[in-house]
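Worksheet: one structure, shown below.
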Amino acid sequence: MKVPFSTMEIMHKEIRTEMLEKFTKVYDKGWYIGGEECTKFEEEYAKYIGTKYCIGVGNGLDALRLALLSLDIRENDEVIVPSNTYIATALAVSYTGAKPVLVDPDINTYNLSETGIEEAITKNTKAIIIVNLYGQSADMDEIIKIAKKHKLYVIEDCAQSHNSLYKGKKTGTFGDIGCFSFYPGKNLGALGDGGAVVTNNKKLADKIRAISNYGSLEKYKHIYKGINSRLDELQAGFLRIKLKNLDKYTKERQRIAEKYLKKINNPKIILPTIGNDRTHVWHIFAIRCKTRNKLQEYLKEHGIGTNIHYPISIAKQKAYKDDNLNDLPIAKKIADEELSLPLYYGMTDKEIDYVIDIINKY
């Protein structure tokens, strides 16, 4: 049997007619940037997440960069970043001229906890970026408490946590700003690049919207040295359709993950853990294995697709060779052992059972 790591075939087949109708509507209207679809998506997504404001932007990296720019993060500032995140989180900091300061995560949830954060704070620290990795929230109460104590901004990187909850509230609503990616493979994915920034602060919302539009809120009047990063009408329209289905997609991902958690039974495999007071939306079902590369090859031989998130830690990336970032032990351990199993909307019970059976025989 062949089981891909991921596919959107079933999802897109179900909404094909509606998506094509949306394409035709936008195509025929002839308005492709800053129109009705984007405005309505921003309103609908803000309501769904539970914030007052949402600004559609070009991609998730831009969302983080715009968040930092709106908070006046600049050269010589420091921003705390998880050591095991995707490089985009650190790049957003670097683009402002500030320095990313790596802190190791909790080995059980793979997310930042209060441990290690305070030790990393210096007089130059201005913000903490929390990455809700793989699909669940970090321990927000403790991190917010530390941030308030040291008067630091909190930015939530929610690129992998659409619709996940912490104590009944959606991720993206706890910090000063929440940042989302709508890359096609995300739990809420467009048919191209896209992203959003959410906040309850009108001043920040207006500033982010201006910076993302060449620094302008009014045509030809530029109040900031801005950039061009806007969610286009087509992607906004497609996202509006998928947003209506996100709860359904989430429940299916949780059903598959629950089956994995209950039935994978192999002492060589370390299964993911769900932290207290939160829900997991399983953007990634990340297992660990000391013989990860051998396991990946074994699964490939049996027709099972996998991925690694992420095989090279930020500190070891060539792009950061001159930044003297510490290659921290938990980040290294995760990079050496993590393997992501197939999990996607439309995955059949036969496919799920096959993956479980093959893993249990390893």
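The values are calculated or read from the model by the stated rules, or taken from the named source; none is laboratory data. Quick caveat, the model's predicted, so the values are computed rather than measured. Note that we place each Cβ from the backbone using ideal geometry, even for glycine, and neighbour counts take in every protein chain shown. Surface areas here come from the heavy atoms of the whole protein model, side chains and all, with no ligands, DNA or RNA. Shrake-Rupley method; radii C 1.70, N 1.55, O 1.52, S 1.80 Å.
The count of lysine pairs in the range 57-188 whose Cα atoms are under 21 Å apart, excluding pairs fewer than 8 places apart on the same chain, comes to 20.
Determine the gain in length on full extension of the stretch I270-Y95; use 0.36 nm per residue of separation and subtract their C-alpha separation, reporting nm with one decimal.
Working: separation 175, 0.36 × 175 = 63.00 nm, distance 3.61 nm.
Fully extending the segment from I270 to Y95 adds 59.4 nm.
Each 10 Å bin from zero up to the one holding the largest Cα-Cα distance in the range 1-65 carries the following percent of pairs: 16, 30, 39, 12, 2.
Annotation: amide H of N200 within the under-5 Å range of K52, sequence separation 5 or more or interchain, hydrogens built in the peptide plane. When its C-alpha radius of gyration is set against 2.2 N^0.38 Å (N residues), the range 146-286 gives a value of 1.27. For a modelled paramagnetic label at I107, 7 Å from Cα along Cα-to-Cβ, the residues of the range 248-276 in reach, with backbone nitrogen under 16 Å, are 268-273.
Checking the a/c ratio against 1.5 first, then a/b against b/c, what shape does the Cα gyration tensor give for the chain? The partial results should precede the final answer.
Values: a/c = 1.90, a/b = 1.16, b/c = 1.64.
In terms of gyration-tensor shape, oblate.
Remark: spin-label model distance K259-K2 equals 2.1 nm, labels positioned 7 Å along the Cα→Cβ axis.
Hey, any idea what the orientation-averaged projected area of the convex hull of the range 13-130's Cα atoms comes to, in nm²?
Numbers: hull surface 41.5 nm².
About 10.4 nm², averaged over all directions.
Spacing of the modelled spin labels on Y224 and E9, each 7 Å from Cα toward Cβ, amounts to 4.4 nm.
Each residue of the range 171-185 was assigned a 3J(HN,Hα) from its phi angle through the Karplus curve 6.51 cos²θ - 1.76 cosθ + 1.60 (θ = phi - 60°); the sequence is 4, x, 10, 9, x, 5, 9, x, 10, 10, 10, 10, 3, x, x Hz, with glycine and proline shown as x. Checking every one of the trypsin sites (Lys or Arg not before Pro) in the range 172-264 against DSSP loop status and a limit of 10 other Cβ atoms within 10 Å picks out K219, K225. Among beta bridges from DSSP that stay inside the chain, the antiparallel ones total about 55%. Derived scalar couplings between HN and Hα for the range 146-151 equal 5, 4, 5, 4, 9, 6 Hz in order, rounded to whole Hz, by the Karplus curve 6.51 cos²θ - 1.76 cosθ + 1.60 (θ = phi - 60°), x for Gly and Pro.
In the chain, carbon and sulfur make up what percent of the accessible area (probe 1.4 Å)?
Values: 8360 of 16680 Å².
It is 50 percent, rounded to a whole number.
The charge dipole of the range 292-353, taken about the Cα centre with unit charges on the Cβ atoms of Lys, Arg (+1) and Asp, Glu (-1), comes to about 240 debye, rounded to the nearest 20. Highest GNM mean-square fluctuation among L261, L64, L102, for the chain modelled with Cα contacts below 10 Å: L261.
Using the heavy atoms of the protein chains and a 1.4 angstrom probe, tell me the accessible area per residue for the chain in square angstrom.
Working: 16680 Å² over 362 residues.
For the chain, the per-residue accessible area is 46 Å².
Using the Cβ-Cβ distance between E119 and E301 with R0 set to 35 Å, the FRET efficiency from 1/(1 + (r/R0)^6) comes to roughly 0.20. Would you mind telling me which residue in G56, G172, G35 has the biggest mean-square fluctuation in a Gaussian network model of the chain, where springs connect alpha carbons within a distance under 10 angstrom? Maximum fluctuation in the GNM of the chain, among the listed residues, is at G35. For the chain, modelled as a GNM whose springs connect Cα atoms under 10 angstrom apart, the maximal fluctuation among D322, D193, D277 occurs at D322. Computed extension length for K40-Y362: 111.0 nm, one decimal, from 0.36 nm per residue of separation with the Cα-Cα distance subtracted. For the range 291-362, applying the loop criterion from DSSP together with a ceiling of 11 other beta carbons within 10 Å to the trypsin sites (Lys or Arg not before Pro) yields K321, K361.
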